[in-house]
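One structure is given here, and the rest of the page talks about it.
We did not get these values from a lab; they are worked out from the coordinates using the rules stated. The model shown is predicted, which means the values in this text are computed figures rather than measured ones. For neighbour counting, all protein chains shown are included, and Cβ atoms are generated from backbone atoms with ideal geometry for every residue, glycine included.
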Amino acid sequence: MTTRVVHWREAADPDDLREYDAFGPWIDPVRTEVEMPRRFRDWYPEVSQAQTLLKIPRDFDRAQVRPGDDLYQSIVALFEDRICLLRAETPGGGEVERRDVRFRDVVGVQSQVNLLQATWTLLLVDGSRIAVPHSSTSHDVIDKVTAQVRAQIAGAERPLPTVEPLYPTDHLFKNRVVQWQRTLGAAVPLLIDPRNVPCRGSGRGWLRLSTGAMILFTPGELVIVNRGEATRPVFMPNYAVGTVELPYDRLTSFSVRPPARWSSFYELVLRAGAQEYVQPCLSTPDAVVDQLRRIGIGELAD
């Protein structure tokens, strides 16, 4: 008597097998109910009307998973007036957390990439932040989502700086200036901190190297480009890249803190309601301060 061994692919549910075959580190759109991960399928009738509907995969290696596994950690749905986020932190069990955020409550967008690890973050007026971890292989998808959010939260344009702009030589900063000029028509850098300058950060003031940062002004928003942390250990490389976009109409005030003890950095504090974003500056941010005053952003003593 011959016993036929059934391969696990043959035994799998066709829908689960289709999801398994398509699974990877990339962010995929959801166009049909079948493409909605089972963990979130009860919400499909509601979120199916979204302008953009995406599923964010878990950080799993394909060798670790099989058809039917809980492969997706969150769903991002963009509507005309809000963003709906569904998140299942624990694979295979636990409750699904839901968060609806109105665009009127979004005061900025932050993107951080470090090799294959990335995080997309919404900065909210109440001071909270919503972070969506993902693989950097899908940075193009996230860039499109950021553009959609920017279109919803953008306000009136403000006058561009009249002073002579800085010209970055750093390849990252140079490329970003060109990108913003193509996207928004104008981008004027007013602060460029070089990288690999000996400096002191926090703590006991051990000697470190700067990672570099750039602050530029576009017609509708202030943009910060950095490399994550402002400093790095002398013998440790740094591959992080961060971008923060803050519409002028959402900014309520700013201040500049002088370097603290054991630090080489000023701190530019940008506030939008209860939200506070702090950018360390190795150079004195005088030109940035003058432009913020010029466009009507109030200055606070810190």
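Here's how it looks for residue 28: its modeled amide H is under 5 Å from those of 55, which are all 5 or more places away or on a different chain.
Computed from the C-beta positions of residue 162 and residue 253 and an R0 of 25 Å, the FRET efficiency is 0.65 to the nearest 0.05.
A Stokes-Einstein calculation at 37 °C with viscosity 0.692 mPa s, built on the Kirkwood radius of the range 102-169 over Cα pairs, returns a diffusion coefficient of 234 µm²/s.
Here the range 166-302 was treated as a single set of alpha-carbon atoms; its pair distances binned every 5 Å from 0 give 2, 10, 20, 23, 20, 14, 8, 3, 0 percent. Here the Gaussian network model covers the chain, with springs between Cα atoms less than 10 Å apart; of 234, 269, 145, 234 fluctuates the most. For the range 1-127, the spread of Cα coordinates along the three principal axes comes to 71, 35, 24 Å, biggest extent given first.
Solvent-free Debye calculation, one equal scatterer per alpha-carbon of the chain: log10 I(q)/I(0) at 0.12 Å⁻¹ equals -0.86.
Take the Cα of residue 147, step 7 Å toward its Cβ, do the same at residue 22, and the gap between the two points is 2.3 nm. Per-residue Karplus couplings for the range 155-162, computed as 6.51 cos²θ - 1.76 cosθ + 1.60 with θ equal to phi - 60°, are listed in order as x, 5, 6, 10, x, 6, x, 9 Hz, Gly and Pro entered as x. Taking only the alpha carbons of the range 97-138, we obtain Rg and Dmax values of 11.4, 32 Å in that order.
Given R0 = 30 Å, the distance between the Cβ atoms of residue 117 and residue 31 translates into a calculated FRET efficiency of 0.65.
Computed across the range 56-171, the Kirkwood radius stands at 16.6 Å (inverse of mean 1/r, all Cα pairs). Dimensions of the range 47-113 along the principal axes, based on C-alpha atoms and rounded to the nearest Å, stand at 42, 28, 21, largest first.
In the range 7-58 the Cα-Cα distances spread across 5 Å bins starting at 0 as 4, 19, 28, 23, 15, 7, 3, 1 percent of all pairs.
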